[in-house]
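Here is the structure we will look at.
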Amino acid sequence: MPSLPHQSKFHIESLEMLSQFADRFSAWLQPGDVVALNGNLGAGKTTLTQQIGKALLLQEPVSSPTFVLMNEYRSGRYPVVHVDLYRLGEEKAESLAEELFAVIDEGRSLLLVEWACYGSFLEPVLSASVQIDYAENEANGRLITLSAARPLSPAFADWEEGRA
């Protein structure tokens, strides 16, 4: 994924802290944003998306699009399109490019892309990239690296660097 100019790291120790992170991140997000979500299997990409959905007041349950590739939610503050490129892999992910760029060009929806590492064609339009890693020696801990195209303040202004 590309190098975005604004970067912060967060240590997340619980689902409650992830929810707080999602609340603040959601306050920063806006319609038309494209967000890359990367991390190992089970790291929390879908869980983060669910928490973002709650923060954006989505009424329907947010579920993993692993087998359907794309879910659309229209009941919240603004539409959210949730994509998972895992099953397609790097070689076939580009088959969704035209459909994803139609969503991007429309500019009304937030586009959240799990396994965005397989969609290098999205790099030029990314608003943010979220890397979720397991925290060493912590069963539920995660380390989140958030890189963004625009400043993260004020949404994260009062958060201590490295600790959410």
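Side notes on the structure shown:
- Choice from Glu98, Glu72, Glu114 showing the highest fluctuation, given a GNM over the chain with Cα pairs closer than 10 Å: Glu98
- Enclosed volume per residue, in Å³, of the convex hull spanned by Cα atoms of segment 1-51: 105 Å³
- Rounded to the nearest 20 debye, dipole of segment 89-164 from Cβ charges on Lys, Arg, Asp, Glu: 240 debye
- Heavy-atom accessible area per residue - segment 68-153, 1.4 Å, Å²: 50 Å²
- As a length-normalised measure over Cα pairs under 8 Å and 6 or more apart, the relative contact order of segment 6-140 settles at 34 percent.
- The loop-placed trypsin sites (Lys or Arg not before Pro) in segment 73-164, going by DSSP, that have at most 15 neighbouring Cβ atoms within 10 Å of their Cβ come out as Arg74, Arg77, Arg87, Arg108, Arg163.
- Estimated dipole of segment 33-164 in Debye, rounded to 20 [Cβ of Lys and Arg +1, of Asp and Glu -1, Cα centre]: 400 debye
- Mean residue ellipticity (222 nm) of the chain, computed from DSSP H runs ≥ 4 via -39,500 (n - 2.57), nearest 500: -7000 deg cm²/dmol
- Candidate values (i) 16.9; (ii) 15.7; (iii) 16.1, label of the one derived for Kirkwood radius over Cα pairs in Å: (ii)
- Taking the protein heavy atoms of segment 1-43 in the context of the full set of protein chains, the accessible area attributed to carbon and sulfur is 47 percent at 1.4 Å.
- Couplings 3J(HN,Hα) of segment 76-85, computed from phi: x, 4, 7, x, 10, 10, 10, 10, 10, 8 Hz, in residue order, whole Hz [Karplus 6.51 cos²θ - 1.76 cosθ + 1.60, θ = phi - 60°; x for Gly and Pro].
- Segment 82-164, accessible surface, carbon-and-sulfur percent (1.4 angstrom probe): 45 percent
- Charge dipole (the chain, unit charges on Cβ, about Cα centre) - positive-most of Leu126, Ala116, Ala93: Leu126
- Counting 0.36 nm for each residue step from Asn40 to Arg87 and taking away their Cα separation leaves a gain of 15.5 nm.
The values are calculated or read from the model by the stated rules, or taken from the named source; none is laboratory data. Note that the structure is predicted; figures quoted are calculated from it, not measured. Using ideal geometry, Cβ is built from the backbone for each residue, glycine included, and neighbour counts are taken over all protein chains shown. Surface accessibility is based on the protein's heavy atoms, side chains included, excluding ligands, DNA and RNA. Shrake-Rupley method; radii C 1.70, N 1.55, O 1.52, S 1.80 Å.
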